[in-house]
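Taking it in order: structure first as structure tokens, then the write-up.
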């Protein structure tokens with residue numbers, strides 16, 4: 001009976017995967033068919049325009065790069081520090097259990113709630129305004145639960161013998177974590193960061209909630225600049241009735257996919273380098 005149940009589960013899983021891949025392939029084909037003709041160097045380097053043939057994504061592309069880079073810079077150290085505390089120092093305390101419970105709950109919170117939190121905390125209370133920093137801080141809150149949970153799982157995979165050997169040589173607990181445990185766990189940490197940023201780069205609701213602009217004629221040049229991002233620009237084009245803007249939206253989606261794949265490729269290369277160093 002167990003073998004039969006396992007076989008049925010495998011068949012269902014394979015069927016679901018085939019259906020999902022087929023739907024994804026059809027979606028990508030439709031986007032490429034509509035947007036490939038608009039992809040060009042002027043489309044990448046031009047800013048938004050009321051004329052569909054002259055409109056580009058440079059301002060939104062640079063805004064996405066600024067926001068996602070700053071999101072990673074904020075989420076990674078805070079998430080790793082929180083995971084180290086929960087896993088290595090406070091795993092038995094009531095405070096740690098309370099934090100762990102809330103982190104698990106935050107992972108399932110809709111993104112619009114993070115937008116409302118960012119609006120109240122970063123935009124109004126802390127006075128950041130409608131800036132790149134406010135958007136990145138809001139998306140960092142969105143990414144933190146994934147980073148923390150994946151980092152904790154990565155820390156658990158480090159063998160206890162590594163810790164015990166380090167203690168036996170006279171290292172302190174922090175020295176053991178910094179020089180032995182964290183480098184071995186880094187591939188898992190980067191995997192969690194990839195997942196978190198992959199979700200964050202496509203978010204629109206939190207950024208619209210904090211006041212990110214749907215039209216802006218310049219690219220950000222600092223963390224205090226006003227900004228827009230590719231998903232918001234695509235949404236703006238899709239909302240317009242002209243057919244030419246639909247093609248622009250499809251081309252914008254292709255640029256967003258290229259940015260996502262490039263970001264993931266860089267993170268995977270760094271992760272693999274850590275893995276090779278760990279084996280060595």
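The values are calculated or read from the model by the stated rules, or taken from the named source; none is laboratory data. Source: prediction; values computed, not measured. Cβ coordinates were reconstructed from backbone atoms using ideal geometry, including for glycine residues, and neighbour counts include every protein chain displayed.
Key figures
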| read-out | value |
| --- | --- |
| Only listed residue being assigned to a loop (DSSP other than H, G, I, E, B) and surrounded by fewer than 23 Cβ atoms within 10 Å (Cβ to Cβ), chosen from 123, 109, 78 | 109 |
| Filtered residues of the range 202-215 (kept if under 16 Å from residue 118 (Cβ atoms), touching a residue at least 40 places away in the same chain (Cβ under 8 Å), assigned to a loop (DSSP other than H, G, I, E, B) and in contact with a helix residue (DSSP H, G or I) (Cβ under 7 Å, 6 or more places away or on another chain)) | 203, 211, 212 |
| Residue 138 vs. criteria farther than 23 Å from residue 229 by Cα, modelled with pLDDT of 90 or more, out of contact with any strand residue (DSSP E or B) (no Cβ under 6 Å at 6 or more places or on another chain) and in a helix (DSSP H, G or I) | no |
| Residue count for the range 177-201, restricted to those that are farther than 23 Å from residue 132 by Cβ, touching a helix residue (DSSP H, G or I) at 6+ places or on another chain (Cβ under 7 Å) and touching a residue at least 24 places away in the same chain (Cβ under 8 Å) | 12 |
| Residue list for the range 86-95, restricted to those being under 18 Å from residue 154 (Cα atoms) and either loosely packed, with under 13 Cβ neighbours inside 10 Å or touching a helix residue (DSSP H, G or I) at 6+ places or on another chain (Cβ under 7 Å) (or both) | 86, 87, 88, 90, 91 |
| Every residue from the range 244-264 that is more than 16 Å from residue 69 (Cα to Cα) and in contact with a helix residue (DSSP H, G or I) (Cβ under 7 Å, 6 or more places away or on another chain) | 245, 246, 247, 248, 249, 250, 251, 252, 253, 254, 255 |
| Tally, over the range 47-86, of residues that are over 13 Å from residue 147 (Cβ atoms) and at pLDDT below 90 | 11 |
| In the range 28-56, the residues that are over 22 Å from residue 215 (Cβ atoms) and surrounded by fewer than 12 Cβ atoms within 10 Å (Cβ to Cβ) | 29, 30, 33, 37, 41 |
| Filter pass, residue 83 being crowded, with 17+ Cβ neighbours inside 10 Å and either within 22 Å of residue 140 (Cβ to Cβ) or touching a strand residue (DSSP E or B) at 6+ places or on another chain (Cβ under 6 Å) (or both) | yes |
| Set 183, 187: member being closer than 16 Å to residue 76 by Cα, more than 21 Å from the chain's Cα centre (by Cα) and in a helix (DSSP H, G or I) | 183 |
| Conditions (1) touching a residue at least 60 places away in the same chain (Cβ under 8 Å); (2) under 29 Å from residue 177 (Cβ atoms); number of the one not met by residue 95 | (1) |
